[in-house]
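The values are calculated or read from the model by the stated rules, or taken from the named source; none is laboratory data. Quick caveat, the model's predicted, so the values are computed rather than measured. Every residue, glycine among them, receives a Cβ derived from its backbone with ideal geometry; neighbour counts consider all protein chains shown.
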Amino acid sequence: MDFPDYPFTPKRFQVRPGIGMSYLDEGPRDGEVVVMVHGNPSWSYYWRHLVSGLSDPASGKGYRCIVPDHVGMGLSDKPDDAPNALPRYDYTLQSRVDDLGALLEHLGIAGPVTLAVHDWGGMIGFGWALAHQHQVKRLVITNTAAFPMPDAKPMPWQIALGRDYTVGELVIRGFNAFSGGASWLGVERKMPADVRRAYVAPYDSWKNRISTVRFMQDIPLSPKDRAWPLVEAAGQRLHEYAALPAFIGWGLKDFVFDRHFLQRFQAELPDAEVLAFDDAGHYVLEDKHEVLVPAVRDFLARNPL
């Protein structure tokens, strides 16, 4: 199907044997690299306005925008994780970090990058950066995390339902409740119907919704959870980016990545430029792309590599 405001031609990469990853690689090959990492339950579609705004040299300096669809998400393959599945994929944070590294290695991205993150893409991006911190030269941060759940933040019941209860998986995989719900609850400005359809289109069956629930089930809340070491390590090292140019765009109506998360980023990155919106939600680039895209372009131009 055609996706509104997504005039790109996705590319394919066999990230693991028998498993294809879809990704965007837009803009001039010699442009400064911006790696955009989405979370759950979105896909590269979330970044479309920023990709268009940065990659076109006609609008000024052109940036090379690399935007993966995580395995199980967007236009990438959606393998099973059953023990006897062939191919089989382990839907863990470490797998996501490894996949991002494999894609960037495949593309020969060994030099400086701007890391742009949203939702659980923050943990994937900063997880990759644990071994590649020397490459990260600028940060663009939107409603995300790079550290464990703040102590003052209660777990939203909607997330707990999907993470901890069988009925949550039945609702998410049976009715696409997470992706569909996020397309309504994740914005303050109602999505046009065709945009909402684009967000949920990749998750059109029980099989194709596996990643939306596995992402939730992998959220670490304590050292007992397998993703905890990565999340804890990223949080412990976040302050090391304090000297880098950083831009934060935040929707304050996000009921998950709320002020508690924003305040942690501001504490760790005290010199970051912040645009926070009282009338924007989790999908802040949906609510405020008209403001954020030129603001990010300006930020990058004022902080060249």
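Figures for the structure shown
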item	result
Among residues of the stretch 1-47, those that are of a type in the set (Lys, Arg) and under 21 Å from residue 257 (Cα atoms), counted	0
Residues that are buried (at least 17 other Cβ atoms within 10 Å of the Cβ), among the aliphatic types (A, V, I, L, M), in contact (Cβ under 8 Å) with a residue 40 or more places away in the chain and not in a helix (DSSP H, G or I), drawn from the stretch 255-305	256, 269, 272, 280
Of the criteria (1) within 23 Å of residue 143 (Cβ to Cβ); (2) part of a loop (DSSP other than H, G, I, E, B); (3) of a type in the set (S, T, N, Q), which one residue 222 fails	(1)
Residue 243 being outside any loop (DSSP other than H, G, I, E, B) and either surrounded by fewer than 15 Cβ atoms within 10 Å (Cβ to Cβ) or of a type in the set (Lys, Arg) (or both)	no
Selection count, the stretch 187-246, where residues are over 27 Å from residue 76 (Cα atoms), modelled with pLDDT of 95 or more and aliphatic (A, V, I, L, M)	6
Where a residue in the stretch 32-50 is over 11 Å from residue 117 (Cα atoms) and its partner, wherever it lies, is of a type in the set (Val, Ile, Thr) and surrounded by fewer than 24 Cβ atoms within 10 Å (Cβ to Cβ), with Cβ under 6 Å and at least six apart	33/109; 33/113; 49/293; 50/293
Residue, surrounded by the fewest Cβ atoms within 10 Å (Cβ to Cβ), within the stretch 190-209, restricted to residues that are among the hydrophobic types (A, V, I, L, M, F, W, C) and assigned to a helix (DSSP H, G or I)	193
Pairs with Cβ under 8 Å, 6+ apart, first in the stretch 122-146 and without any contact (Cβ under 8 Å) to a residue 40 or more places away in the chain and over 19 Å from residue 266 (Cα atoms), second of a type outside the set (Gly, Ala, Ser) and part of a loop (DSSP other than H, G, I, E, B)	135/109; 135/112
Candidate set from the stretch 131-169 (those that are modelled with pLDDT of 65 or more, out of contact with any strand residue (DSSP E or B) (no Cβ under 7 Å at 6 or more places or on another chain) and assigned to a helix (DSSP H, G or I)); member that is surrounded by the most Cβ atoms within 10 Å (Cβ to Cβ)	169
Qualifying residues in the stretch 50-61 (those that are at pLDDT 95 or above and small (Gly, Ala, Ser)) - the one farthest from residue 293 (Cα to Cα)	55
Residue, nearest to residue 202 (Cα to Cα), within the stretch 72-93, restricted to residues that are surrounded by fewer than 24 Cβ atoms within 10 Å (Cβ to Cβ), of a type outside the set (Ser, Thr, Tyr) and within 19 Å of the chain's Cα centre (by Cα)	75
Considering residues of the stretch 5-22 that are touching a helix residue (DSSP H, G or I) at 6+ places or on another chain (Cβ under 6 Å) and not charged (D, E, K, R) only, the residue farthest from residue 52 (Cα to Cα)	15
Residue check, residue 20 touching a Lys or Arg at 6+ places or on another chain (Cβ under 7 Å) and among the small types (Gly, Ala, Ser)	yes
Residues (crowded, with 19+ Cβ neighbours inside 10 Å and part of a loop (DSSP other than H, G, I, E, B)) located in the stretch 94-130	120
